[in-house]
Every structure is written in C-alpha cells, then in structure tokens.
Amino acid sequence: MNFIQETAKKIVETCGTDLRSVAVVVPGRRGGLFLKKALALAAGKTILLPQIFSIEEYIYYQSGMRKMDETTMLTLLYTVYKKHAGPGAFPIDEFLPTGKTLLADFNDVDDYLLDPVEVFTYLMRVREIENWMPGEAETELQKKYLSFYQLLNPMYHLFSEKCREMGMCYQGMASRVLSQKEAFPEFSTIVFAGLNAVTPSLEAHINKLIVSEQAQLIWDADSWYLDNANHEAGHFMRFNRNAWPKSFGEIPRFFESSKKNIDIIGAPLGYTQVQTALTLLETTYKDQLTDTVLVLADEGLMMPLLSSLPEDWADRVNISGGYPLRNTLLGQIVNAQLELLAGTLNDSGATRTYRYESLLALVSNPLLRLLPDDKQRSDFIQVVDDISSGRLRYFRWCESDKEDTLFLKRFDAIIPGLVSPCAGWEEVLTRLIKLTGELFEKCREVDLEHEAAWLVHSALKALHNTLTSYGDVSDITIGSVVYFIRRHLQIAKIPLKGEPLKGIQILGMLETRSLDFKNVIILGANEGFLPAGGQGDSFLPNDVRRELKLPLQYERDAVYAYHFWRLMQRASEITLIYNTESDPVYGKEPSRFLAQIEHELLPAFSTITANRRVLGIKYDKSAVSPFEMVDREKINVMLESIANTGLSFTKFYNFIACPYRFLLEGIYKIEKWEDESGDIAINTMGSVFHDAIEKLTIPFLGKVLVKQDFETMAAAAETHLEAAFEHEKIAHLSSGYNYLVKEILLESLVHWLQRMKDSVPADYYVKAVEAELKPVISLHDGRKVALKGIADRVEFCNGVMRVMDFKTTHKRTEFVFDISPDADIPAQITDPENRNMLQVMFYSWLYASQENVTAITGGVYPVLNNTGYKPDLLKNKSKESLVLTKEQLTGFGEAITELVEQIYDPGQTFSATPSTKACQYCPYNGVICYANTFGISEDEE
C-alpha cells in the first residue's frame, strides 16, 4: 500500500465517509489528484470529497490573502523604496534585481516569524562593522551603501502595510498572517499529510489547530534515515517528531523489509541518458507503465525527452510542468526583440546601432515569414538574406543612405515596428502585443506556437495593465519592461495535456512528493541537479542567517535528500542514470546520493542489491578513416588550375603540415568555419594596419626617406587608419572593444613611424608595397607551376634589399636559418616550429626570383611591441644577420621545388600525417578527420 492509499484509509477511519467539513493538505497538487481516487476506493461508495489543498493553496485560503504576482510586488516595492530614498533613489531598472532579492529576504523573515526590527537592525550593525576603518572617515560611497541598509526596516513595514491593505502578498507574509489567526470554524478536521519542512509560521498554525482538536498529522518516513541523527534526509522530520511526538506512531522500515534492485548507469550527455531510459520503458517496463515514474532531476532533459518519445505513446504519458515558453519560436522572437532593445548602441542624436548577431536572431526567425502578404514575401526574403549575409557587422537606424540603414528601412516597411527605435516603454509593449496578436492569428495550424502566442499575448497585456496602473509611470523605463518580460519568458511554460492518473508519469523531483511507484527511473543524477545546486541571493550573510536560524544550503540539500529517499523507500526497481561527461564550469560529478547507496545503504541491508555500469561507444578503428580521394582525374584538374593561378604559401604549408589538410582545403575547397562577430577579429586587425601603412607609404615609394617624410605620414595616420576600418566594413568605433582596438592600432602606427624617423639609415627607402609575386618554377616532368604571394613591404636599408611583413603582435621571434653547406634545408623547411621563418624565406625567395635580385634578406616588424621599429630579421646559426646570396637562394629554391614535386606526384595519396602540433588547431580535426583520434604518425610513436 502506498502513502496516498494509507492516507485515504486513515482519513476514512478517523473522519468517516461524510467528509464535507474536512480539509486535506498535501505537499503538491498532483498528490491531491491521486488522493481523490484513493478516497473513493477507501470509502467503497460514492461520497462527497473533502476540500484538498496543496500547502501553498491552503496558506493563502486560510489566511484570507491572495497571491501577488512578481511584477506587482516589485513595482509596489519600488514605490516604497523611492518614498524612503528620496531624490537619490536608484532608477527602477537598476533596482529590480535588488528588489527580487529583497522580497526573498522579506519572505524568510515572515515565514520564520522573525522580528523585522531586530533582523534589519542587526544586519545594519553587521554592515557598519564591515565598513568601519579605524581613524578614517566614511567615504561617500560607503555612506550611500549603508544608507540602503538603513532603509530596509522602514521599507519592510510600509510594504507589509500596503500588501495588507490590498489583501495580496507573498507566501511568507500569508503564512505569518495565518499564524496570527485564532479560529478556523470552516473545517472540523484539517489533515496534514506528507509534509516535511514545516516552517515556524506553519508550525504555530498547526499548534493552534491541535489545541482546538482540529488537526490530524500523517507523516511519511522510514526509520533508516529518521532514526539516524546524521542522515540529512531525516533532518526536518526529526524536528517534526520533537514538536508533535504523539502524531508519530511506529516508524515503518521499508528499506529493511523490502527487496530492492538498484541499477546505477553512467551515460554520456543528455541524449544518451534519455535513450537509455526510453529503452528501459519499451522493454523492461512496457507492461508496468502505470507503476513507473520517470523523474527528471535535470529538467533540461525535458526537450530531448519530448523529441524522442514514440508517437504511439501520446495517450500513455503524463508530463508534469510544461514546455518552456522560451524554447518556442514565438518565445525566441520576443526574446530576440528584447535583446535588440537591450543591446542597442545609442550614438549621438536619434541614431541607433544594432549588432549583427542581435539583428540576425530576430529577422531570421521562421515565424516572421507568416506576416508579409504575398506581394511582399519575395522582398522580405531578399532583405533577410541581405542582412544575414554577414557582410555588415553593424546596422544604424538614422537619416542616411548607407547600405546598412537602407536594409533596416526596407525591413521596417514590410514588418513595421520590429527594428525601428521605440520612444518609450509603452511603445515596446504595444508593439509586442500587436506582434503576438498577429502571430496568434497566423499560427492556428501549429498548436504549440498558437498556444505560445496566446500565453505571451495575454501576459503582455496583463503587464501593460499592471504598469499603467502604477502610481508614477514616469519611473517605468524600457529597461524595466525588458526585465519583466524576460522574467516571464524564463519561468513560463506551456501546459502539456495528459491524463494524470494513467500511463507513465514524467515528473520533476518536487512533483514526486507524497507519490509512490514500484519502478523508478531518475535522469540527471548528478551534483547540481540531485540535490539542486545554487543558493538563492540574499542580503543576509550566512553567519547572520545561521544566527537567526534561517535556512542555509544544508537545509536545502536536506529537503532534496528527503524527496529522494522517500521516493526510494517503497520502490522495488530503481534505475539512476547520471551524466559521465563533466561540466566545463561546474563539474557536475555523480550525485552524492549514489555514493550513499554504495557506502551506507547496501552495507545496512542485505535485501538490497545494486549494479553499476558505464555506457560507452565501442569504436571500430578500422572503419574510421579519412575521406577516400575522389576521382584522380578531378584532382589533377584542380592541381592544374592551381599551377596556372598560383600556389600560395598557405596551400604550400598546409601540404607540409598535413597533405590531407591540403586536399580538404586546397582541392575539395572545404572552407573552415569562421565564427562571425561584431568585434574586430585578429586577422582583420592585421588587414587594417597593412591597409593604413600601405596608403601612407605609396606617395613616398622610391624616395629616400627623411625625418619630415615620417612626420608627414604620422600626421595622416589617423585619417588613413579610419579609411582602412571603413574599407573592412568595421562600424561603431566610438566605444567598446572596437574602440580599444582602434586606439591600440593608432598608437602603435604613430609610435612606429616616430621611432623609424629617428632610427633609419641615410639610404633607407621603400621600393614597393603589397607587391604581387608570381614566379614560375619547372618540375622534373616539364610541368610549369606558378607560385604566388604578396610582399607587404620591399625596402632598401643599409645597402641590402629586404622583404618585410607587419605583424600585429608584441611577440618577438628569432628567424634562425642554417644555410651552411652541410645544413639540412628540407628538414628546416618542414619543421613546424619554423613556420613564420619559412614564410619570410619564401617571400624573399619569390621576390628575388621574380626581380632577379642576387642578395636579399627578410623579416618582420612586430608593431605592437614598443621596440617594433627594430625588425626581427633572418639570422644564421651564429645569430648574425643573414643576407641570402644567389647560391643560397638557389639551394632554398631547389628544396621548395622538391616539395612541390611531391604535390604533383601522380602517386601522391594526400594521406593524413597526424601529430599533436599539426592537429591541435586544425579546423578539420574531429569534424571530418579522425586520424589524430585513432592513430598517430610513425615518427611520434
């Protein structure tokens, strides 16, 4: 017999079958539904059921107060705060997160019947001591900080007074009001069944009922954890037994007297956990679904579970809670609109700048395609494609004929009110109400989105009514409206249909209160979910909460421990599935309850058995291999095309590092994924600097540079740098990351020019910038292959021609190349450590080959370094400056040609050569190439 059946039997035995004057209080609504059925069976005839309440419903009902929604509470609390704080009050959008924390503390003070004057005075003294510095006067910041704590006591009293006048409040206040009432004539008997953590206010109420002989208490516990003073699951139940010892009879011994089989299964990630559970339901428990519960300790698994349920299970499943509103397309539209509002970069005047990512999330939502009429649909698709292309990273709403502004205006003409700026908070709500109303009409064929549109539409209208009835509407801001809507989207759910008394129950841990099942499956049995992690925000520090006997993390864990072990005590088949993959931030190792089972439960009871296993994937290494080459003839066609257009250094080095990467990127044209961002990328920084220094230098090409020339370039540096940013389509340089990058590049460019002015020799001149190089080499079979590249800067210095590159880095590098007769040049070329040096050598050799230069060197200017005007030049093994002679250039060219020969070798298979260095940052590793996962090259074995 389960607890609900036992409760029904006791009620009928003690109260008879006339239950009209009886009230039954259970932890949650779901338990009340099962109790109704159990009472009918226990009575054996048709009866009038008692009034059945959840504990929250009972507190509000008996106190005579109504539940106040969060928006109303926060706006009312801000009114109270502003009255006491005066002109120095924070704006409402800054106050709201603080107000939410404050309401939680007010709730605790009331629920635990604490004296608010004592609590907030004590807290004030604590903060004063924390900020006290002997011999130093309080700063203005300290005074402002402490003044807020001085307001807590008067704020509490005025807020409570206004709540009582309205007859609405939060649960803690309703419980305090209930504890102060003396008579409850409406019910002759009030049965409290299955409670655990009884707060002092509820305890005071129950004591009054016991005195008037109206209360009956029914508890659900097992002696294993109740009689163990160290077991956290019995923490609150032991308090209850001390408070009402006569209500506890002989404590059941479910763990001792029943056989249990516990399976502990480790599964990687959420989807595997879900599939493991569904496999059990379809096989082991397919004929016992009514006696089975699937508990989601990690409620984030609801989505993969819903998407994995078989279609023929529609009438066999009942799911508690609902579908998160934020996960619907409608919820995503509203959230994207709020992100666009909150993330707007407000420039001077009426200009508004939107980030690409925020705008894309809004305009690309599939539901928006329902809004344009047939005539506008093609224009809508075109403008969305233009915005989504990623060419523009910022979009400005202003009076302009620039491309980004025109895109916004075109979109606004098709769907008005989505991207145009809002004048105030009422316009934000009006637009969203209109949008959700239109989508409600358009989504009739999509049940989920239709329901979501109605829920959001109704919530927005209710929010509008609440805010417009607020005392001083001038306090309300767009930021506060965004906060309220986000809060609603975060917690709101679409109710899922189901028969609560039939089929398998899919519940959260809290919904299992007072319910028992023969077969229990728990998903997400990891720390942070079981028990739930995190501690609610509070202005009361832990030491103060401990002193006032307010709940801490231990008490929260104790509540979860009771729910877990109570669910276990009557079950016979239990499966606990946990995620084996650790969370990168929070860890999330297996739940502590799994260790308790192994080290405490199993040694205590021989009738309980447990098995532990970890699911894994058995890889067949022989079946996993890189892509097979496509038709060799097609590869030859691509190689011939490269020979004509030019083999770049990037492609050439890809072949050296890994021939397979050369095949993927150079032949198959599989481009690596670029994560687009509105912020300037590292490679874009280099492009901007190169563009600016190129434009500055062009007027002085071939001229021996003197100090005045460098000063002229420095004076024009900012203009050319801004032009380079515009050329790269980088917008919004007035603040944020982009502004910092611009300032760094400008400072580095000017600094480099000024230091060059004082350091260059008398013969220094720049011969070319961004010089195109495309010499041709001949292979052994007579094939001609063009090599191509761009020489950033070719300059003449101290009688030597040198090919230079600019690197936007502060790091200095030694380019040591052993060019001695006995040196192994091919080994130096293929060494991964020499990539940057090889690039310098490659471009120097290309320029010398094309221009018939017989002596040349090369290097890099690390322009972000304070001494970046001193280049890192090629050196020999003795660390002396290296000027390549004609013979040395010929030897280097022969080594390069030999490697190109390998690329064009008909027998080349382009096989992967995995190594730690080559694969670490390869974009194809683990995506379409698994050579590094299942094998390693011979030279690293």
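Quick look at the numbers
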| quantity | calculated |
| --- | --- |
| Lone unmet requirement of (1) under 37 Å from the mean Cα position of the chain (by Cα); (2) at pLDDT below 95; (3) surrounded by fewer than 19 Cβ atoms within 10 Å (Cβ to Cβ) for R66 | (2) |
| Helices (runs of 4 or more DSSP H) enclosed by segment 274-393 - at least 1 residues per element that are within 21 Å of the chain's Cα centre (by Cα) and surrounded by fewer than 17 Cβ atoms within 10 Å (Cβ to Cβ) | 302-308, 329-342, 356-363 |
| Verdict on L408 being touching a helix residue (DSSP H, G or I) at 6+ places or on another chain (Cβ under 9 Å) and either under 25 Å from T684 (Cα atoms) or not in a helix (DSSP H, G or I) (or both) | no |
| Flag if T890 is more than 20 Å from T650 (Cα to Cα), assigned to a helix (DSSP H, G or I), modelled with pLDDT under 95 and assigned by the TED database to the domain that holds A786 | yes |
| Scan of segment 735-773 for residues that are closer than 30 Å to K788 by Cα and among the hydroxyl-bearing types (S, T, Y), ordered by number | S748, Y764, Y765 |
| Residues satisfying the stated conditions in segment 853-867, i.e. open to solvent by 30 Å² or more (accessible area, probe 1.4 Å), among the aliphatic types (A, V, I, L, M) and within 50 Å of the chain's Cα centre (by Cα) | L864 |
| Qualifying residue in segment 877-893 (condition: open to solvent by less than 30 Å² (accessible area, probe 1.4 Å) and within 30 Å of E671 (Cβ to Cβ)) | no |
| Only one of K742, K757, K707 that is closer than 23 Å to G858 by Cα and basic (K, R) | K757 |
| Any chance L515 is over 31 Å from the mean Cα position of the chain (by Cα), more than 30 Å from S458 (Cα to Cα), in the same structural domain as L309 (by the TED database) and assigned to a helix (DSSP H, G or I) | no |
| In segment 568-606, residue farthest from W224 (Cα to Cα) [restricted to those that are at pLDDT below 95 and β-branched (V, I, T)] | V585 |
| Test: E747 is assigned to a helix (DSSP H, G or I) and either in contact with a Cys (Cβ under 6 Å, 6 or more places away or on another chain) or open to solvent by 30 Å² or more (accessible area, probe 1.4 Å) (or both) | yes |
| Residue selected from segment 397-422 under the condition under 23 Å from L435 (Cβ atoms) and of a type in the set (K, R), by the criterion surrounded by the most Cβ atoms within 10 Å (Cβ to Cβ) | R410 |
| Residue within segment 128-141 that is closer than 30 Å to H205 by Cβ, more than 35 Å from the chain's Cα centre (by Cα) and modelled with pLDDT under 95 present | no |
| Residue match in segment 48-56 (condition: of a type in the set (S, T, N, Q) and more than 30 Å from V293 (Cα to Cα)) | no |
| Output for segment 363-421, where each listed residue is aromatic (F, W, Y), touching a residue at least 40 places away in the same chain (Cβ under 8 Å) and out of contact with any strand residue (DSSP E or B) (no Cβ under 7 Å at 6 or more places or on another chain) | F411 |
| V624, sole failed condition from (1) modelled with pLDDT under 85; (2) open to solvent by 70 Å² or more (accessible area, probe 1.4 Å) | (2) |
| Filter result for Y930 (in contact with a Leu (Cβ under 6 Å, 6 or more places away or on another chain), buried (at least 17 other Cβ atoms within 10 Å of the Cβ) and modelled with pLDDT under 90) | no |
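The values are calculated or read from the model by the stated rules, or taken from the named source; none is laboratory data. Model, not experiment: these values are computed from the prediction. Cβ coordinates were reconstructed from backbone atoms using ideal geometry, including for glycine residues, and neighbour counts include every protein chain displayed. For the accessible areas, the whole protein counts, side chains as well, though only heavy atoms, and no ligand, DNA or RNA atoms are used. Shrake-Rupley method; radii C 1.70, N 1.55, O 1.52, S 1.80 Å.
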